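Working notes for the structure below.
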């Protein structure tokens, strides 16, 4: 067959030609640009507008950052150095670095204490955030609140030890009684802990000496980003257990308990945080026994914790509602009672579903800690608007300071949300 | 065959309150109630004792007394001799104004950013991702203060508009951006403007009626009537015709530089603009995420199914994707509106006189009636958020998937 064919056609190629490379317009970067940036007139227009926007932003921001002055001690000095050239006076950050981080009243010779507490925070948070780490590290996490309190506030070491002792006693009482009944163990532990603190309070008062290892720093001296971190971490960690209790209460069959929780949650969620901070600032004192003085930071922590626990309760309620009913029935059919079913079956799954929501609340709460500047506490924003902008040296430096504050919050909040996305992928056990 | 007899009736024993599930919940509730009452009584007694010690009482009479302070943005007539009650009402109106403006702007921004973030254009989608992440992760208070600083520090003062070598100039001769606020033209309603408004409203009704008619024609007769162009014509033509026939009853008053400041027009203060735009941009980033999630929640099969039925791309979006996506988008959107309203209380940081600034700020400080003022303040916000939740519940009930 092929022979006859060969004679009718003038030329037949007997070897295969090497494959030609694809047209240059259809490969590599050019193809990508054509497909992603210039695939139609609308797309091209959008691209050009975006490029123009980025160009404008860059010409505006880049000289400001690149010409920045980092080592002068006042605004007028900085302007002398710049001599009319566009540039940021970032020296306000280096000059007032400690004030921005620690507030203007924290004794400067003790800056190492909150810094150390901050570094230890990562060590304490690591085993909670990453499950692969050895579980033994959790012991340090448990000890961390007391260490951090002692480092930041100073004073007698007996106070945090007593607080820890209360928890330890409570834990042993719980272990002792939980086999008989969860309620008995739970309430017994609470009573035992309070009894320890109450009795221990007298002992500590009697024993504690005046000259302590770490000098006491009063709460009103806390300020700067440190205050935001303290409020954020303390309130988030305290609001989690309260939020779980509130969510369980709202799901409960007992009408009175359910309605107490519903009213609390809806009330707190219905009012802005600022009004709650006003309550902490001016109203809360009316509801305490006459003559008690309560420091402002503690009152604020109480109110923010209430605020956050209402939001976390709603998130966890969502998680509880999302569990298939079969899980509840399975727990019942195994003969578990309510506390066991919750602890062993329901909550582990519900909390896992709620993680993204909880992280959202945590990020939101951390951002909301800046509101304390409204009730004249000197957190990062309060420091900037108060002592720094009001000082004669730096009156008029807005952008550098607020960009710094924005950047600091961005780093923390973006970091947390990236972690939560990683965790979500880690915990995804459903096979899709 | 065994016969079943009822187990012998147990008499009630006290231990059954703990051990019998039938009674245990009653025990717990009783304990909870008692604890609640004890706590309330304790707080109440402390309150009474503290008030007695300070020589105070709970009374709302201060609402009737003259306020004695000025408010720089007055939607209704108000002067320093007006009562605290009136000051609070001005504050409420100011809250609602900024909340409304911010909600509208945030929705527009959020929908644009959310849709553009899904764009096939790599640059645009990355740019929108940067917008969303940058604004979501920085406290709104910082944004409010930054925009307020732009408004008060970076913009030129009114005297920069003066003279031949003015360093600043008005935009379109109508808008002046100064550090005392933005001046815009103000409409002057003259005789006959009522008729104009009535005609405009009537044309809106006509548009609605026409669209209804067109839909009825489509469903019952199968005639596809044009909708877009007639609606557009109905919207503009009657009003514009009436405007000229009635002899131009509405004119604009332009702001003009007189003395040291601009006169005439509407002055929008820097504090309002700061609050408005900061809330809008910040919340817009959240809305963008909701919109994106809503659109992505609709499976691709829906688009393909609609295309298989022969629908054009525009109709696929309008008739198939959007109605389903809106079900997902609107509930979080409404709670974002609620957040805007609550966050507008941050007005106090830039001196915008909303309800927190009047009732919770100056009135509280002048009268010292902290408990009453904050109670009223909370009541106001609670009313707003509970009514928004009620609307949300009604909506959710209406759009709930009708399953089995």
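Every number in this text was worked out from the coordinates using simple rules, so none of it is lab data. Keep in mind that this is a model prediction, so the values were computed, not measured. Here the Cβ is made from the backbone with ideal geometry for all residues, glycine too, and neighbour counts use every protein chain on show.
Okay, here's what the table says:
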quantity	calculated
Residues A:309, A:181, A:74, sorted so that the one with the fewest Cβ neighbours within 10 Å comes first	A:181, A:74, A:309
Chain A: relative contact order in percent, alpha carbon pairs under 8 Å with at least 6 residues between	16
Beta bridges per DSSP with both ends in the protein assembly as shown, % antiparallel, nearest 5	95
Cα gyration tensor, chain A - rounded (a/c under 1.5), prolate or oblate	oblate
Gain in span if fully extended, residue A:376 to residue A:191, counting 0.36 nm per residue against the direct Cα distance	62.9 nm
Residues A:184, A:25, sorted so that the one with the fewest Cβ neighbours within 10 Å comes first	A:25, A:184
Cα→Cβ-extended label distance, 7 Å offset, between residue A:202 and residue A:214, nm	2.9
Extension gain from residue A:254 to residue A:399, taking 0.36 nm per residue of separation minus the Cα-Cα distance	46.7 nm
Cβ-based exposure ranking for A:307, B:175, A:104, in which fewest neighbours within 10 Å come first	B:175, A:104, A:307
Residue among B:147, B:35, B:245 with the largest mean-square fluctuation in a Gaussian network model of chain B, springs linking Cα atoms under 10 Å	B:35
Tensor-based shape of the stretch B:186-253 (alpha-carbon gyration tensor, a/c under 1.5 rounded, otherwise prolate or oblate)	prolate
Relative contact order computed over chain B (Cα-Cα under 8 Å; 6+ residues apart), in percent	22
Cα shape, chain B, gyration tensor, a/c 1.5 rule	oblate
Relative contact order (%) - the stretch A:156-213, alpha-carbon pairs under 8 angstrom, separation at least six	44
Two-site FRET efficiency, residue B:386 against residue B:40, from Cβ-Cβ distance with R₀ of 25 Å, rounded to 0.05	0.70
Principal-axis tilt of helix A:224-251 within chain A, Cα atoms, nearest 10 degrees	80
Degrees, to the nearest 10: A:182-207 long Cα axis against longest axis of chain A	60
Between 0 and 90°, nearest 10: helix A:347-368 axis offset from chain A longest Cα axis	90
Label-point separation in nm, residue B:83 to residue A:122, each point 7 Å along Cα→Cβ	6.1
